[in-house]
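Quick notes on the structure that follows.
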Amino acid sequence: METKVSIMSEYNIDYEAIKEASEVIKIGGLVVFPTETVYGLGANALNEEAVKKIFEVKGRPQDNPLIIHVSDFDISEYVEEIPEIAYKLIHKFWPGPLTLILKKSNIIPYTTSAGLDTIGIRMPSNVIARELIRESKVPIAAPSANISGRPSPTDVKHCIEDLGGKVNYILGGESSDVGVESTIVDCTSENICILRPGGITIEMLKEVDKNVYYDKAILSKPKDNFRPKAPGMKYRHYAPKAPVKIICGDLQKTIAKINEMVQNYIDSNKRVGIMATDETRHYYKSGNIVSLGSRENIDDIGKNLFAALRKFDDMDVDVILSEAFEEVGFGAAIMNRLKKSAGFDIIQV
Ligand code: AMP
Ligand code: MG
């Protein structure tokens, strides 16, 4: 399939290209578009045939639900009811990286919700994304625009790499501002529950509801017999080609442990990648080092995470050793993605 690509900026929008892309959405095609979290692979959320194509092209398991993206605050058509708490969250955090799980209305096909009676819904802050949704006049179902299992795309070049020739249109913008997927909160029961940490942190959510809590499933390694609330929770995710190991604990001990492990790998003719930070990179004696940015700026670390994981694919390393981050604020989302990419292979020092 021929993929049309149009690169623009949020500050210099190509309205013609967005209009063309919205025509693709209207006739049931696939459009990749930028959002502030990661790039999305979008289709008309109300059109089952269009939504099926998302699953096919990504190789996404059929029981992994999609999030729908809207450009209008009135979501009453798509959900059964909007509890008071949902109004508060929408008012405070939309447009932005917060997805609400609500009971779906009948116009949302079960293909979109992967058989669930609930639907994830969010309004992105990226202007290109909102313009596309507005022009399309339908909610856009969109998971991340990568082949299932790979690190999410935070730059248009990642989308071209994974989906070029497989979608009708790719709209490119700046690289994603947040760099990890939206925070997902379940608003269908009394207290709101975080199903996936993201750019809107638990600390921020507590300002709206002090009882907000993390779902048990994201706090620990999934057990073999684990039955997740959201089907997506059970898959290994965000993974580069090489296995990832996280070294966790005191920073000096971490550096020493990584240096020791690198030497052992090199002795057995293995190529090693090190996911480091600006403060630590100079302490590593060998290995292929990628810095995520400064530890002083956790937002940058999040922004660079997925691109760094993809860089190791290009370097063709056999194993990746990563430093860890404190699980507070945005650090909780970063560690959640890192642990999943490592399949929970964590070495405590
Ligand atoms: P992504 O594939 O990056 O778009 O992530 C979408 C994720 O949102 C899925 O993997 C699910 O974990 C979660 N999700 C979407 N819809 C629902 C829902 N109705 N209930 C629970 N989780 C959901
Ligand atoms: Mg994804």
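Just a few scattered comments:
- Selected from 15, 78, 238 as most flexible by GNM, with the chain as the system and alpha-carbon contacts under 10 Å: 15
- Solvent-accessible surface of the stretch 106-157, taken per residue with a 1.4 Å probe and all protein chains present: 31 Å².
- Working note: 222 nm ellipticity from helices only, DSSP H runs with n ≥ 4, each -39,500 (n - 2.57), summed and divided by the residues of the chain, gives -9000 deg cm²/dmol to the nearest 500.
- Cα centroid of the stretch 252-301 to Cα centroid of the stretch 179-200, whole Å: 31 Å
- For the chain, with +1 on Lys and Arg beta carbons and -1 on Asp and Glu, the positive-most of 259, 140, 309 along the dipole: 259
- Residue list for the stretch 168-211, given a label point 7 angstrom along the Cα-to-Cβ vector of residue 147 and an amide N cut-off under 18 Å: 168
- Among 160, 287, 297 - extreme Cα towards positive end, dipole of the chain, charges at beta-carbon: 287
- Sorting 319-325, 129-135 by their mean Cβ neighbour count within 10 Å, with the most densely packed peptide first, gives 319-325, 129-135.
- Point-charge dipole on Cβ atoms (K/R +1, D/E -1) for the chain, about Cα centre, debye to 20: 1060 debye
- For residue 21, neighbours were defined as the other residues whose beta-carbon sits under 11 Å from its Cβ, and their charges (Lys and Arg +1, Asp and Glu -1) total -3.
- Temperature 4 °C, viscosity 1.567 mPa s: under these conditions the Stokes-Einstein estimate for the stretch 1-47, based on its Kirkwood radius over C-alpha pairs, is 112 µm² per second.
- Surface/4 estimate of mean projected area, convex hull on alpha-carbon atoms of the chain, nm²: 17.3 nm²
- In this structure the stretch 234-282 gives 54 Å² per residue of accessible area when probed at 1.4 Å with all protein chains present.
- Projecting the Cα atoms of 269, 50, 102 onto the charge dipole of the chain (Cβ charges, centred on the Cα centre) puts 269 farthest toward the positive pole.
- The simple Förster model, with R0 at 30 Å and r as the Cβ-Cβ distance, assigns residue 271 and residue 251 a FRET efficiency of 0.75.
- Sulfur and carbon atoms: percent of accessible area, the chain [1.4 Å]: 48 percent
- Computed over protein heavy atoms with a 1.4 Å probe, the accessible surface of the stretch 1-86 works out to 47 Å² per residue.
- Extension reserve of the residue 1-residue 26 stretch, reckoned as 0.36 nm per residue once the Cα distance is removed: 7.2 nm
- Difference of contour (0.36 nm per residue) and Cα-Cα distance, residue 15 to residue 208: 65.8 nm
- Note on residue 253: accessible area approximately 120 square angstrom, rounded to 10, probe 1.4 Å, nucleic acids and ligands left out.
- Relative to the 2.2 N^0.38 Å rule of thumb, the stretch 1-108 has a C-alpha radius of gyration ratio of 1.17.
The values are calculated or read from the model by the stated rules, or taken from the named source; none is laboratory data. Computed from a prediction, not measured in an experiment: that's the story for all the values here. Don't worry about glycine lacking a Cβ; one is built from the backbone with ideal geometry, like all the others, and counts go over all protein chains shown. Each accessible area value is taken on the protein alone, full model and side chains, heavy atoms only, with ligands, DNA and RNA left out. Shrake-Rupley method; radii C 1.70, N 1.55, O 1.52, S 1.80 Å.
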